[in-house]
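One structure is given here, and the rest of the page talks about it.
The values are calculated or read from the model by the stated rules, or taken from the named source; none is laboratory data. Fair warning: this is a prediction, and the values are worked out from it, not measured in the lab. With ideal geometry, Cβ positions are generated from the backbone for all residues, glycine too; neighbour counts draw on all protein chains shown.
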Amino acid sequence: MSSLEQIKKIREQTGAGIVDVKKALTESEGDEAVAIEILRKKGGDKAVKKSDRSAGEGVIGTYVHSNQKIGAMVKVMCETDFVARNEDFQALVSDLAMHITAANPTCLIPENVDAQIVEKEREIWTAQLAEEGKSADITQKILEGKEKKFREESALMTQPFVKDPDKTVQDLLNEAVIKIGEKIEITDFVRYSL
């Protein structure tokens, strides 16, 4: 049996509707953590369904660190100007600008990491593994793992979100899509430092 407090708490965390929260709590036998996980899994589907829509509105968010020596700008698009003015959307954009300032991504998605940078890293990793005397098969598997991790750490969408490292920036965006109810996408960003 779900309490009103549980429903309210989970709605605030996930942005899911009351009916969905009740179903998730019933399915999880009242376990809030499991209910949130159920909603997040279902929410991923909702976010994917909205990804085909057109995002023609949006805002440019900025963040400058207190030392005035580092900052970022991010362009985040949504479907309507109503959402662009929404407090939750504005907060998301500010969080993204702050994250970019702190985490220094080099591109949006892992596939876009500069091939020359990846190749230089692979040379370093190969030399390190040769020092350790690893076999060719093991070296290749390790290199593939290191490259995947390097790409994910370099790309904004796959970085752990600085305010909640248990979720990626993509997870954060998916949650915002579910809560706000529109397609949201990051189209461009830039980071400055002295």
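Some values worked out for this structure:
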quantity: Boolean, residue 177 is modelled with pLDDT under 95, β-branched (Val, Ile, Thr), in contact with a helix residue (DSSP H, G or I) (Cβ under 7 Å, 6 or more places away or on another chain) and under 30 Å from residue 58 (Cα atoms); calculated: yes
quantity: Those helices (runs of 4 or more DSSP H) lying entirely in the range 94-192 with at least 2 residues within 15 Å of the chain's Cα centre (by Cα) and either among the β-branched types (Val, Ile, Thr) or under 25 Å from residue 83 (Cα atoms) (or both); calculated: 169-180
quantity: Top-ranked residue of the range 75-88 - restricted to ones that are part of a helix (DSSP H, G or I) and touching a strand residue (DSSP E or B) at 6+ places or on another chain (Cβ under 6 Å), ranked as nearest to residue 177 (Cα to Cα); calculated: 84
quantity: Residues being touching a Ser or Thr at 6+ places or on another chain (Cβ under 9 Å) and of a type in the set (Asp, Glu) - total across the range 98-126; calculated: 1
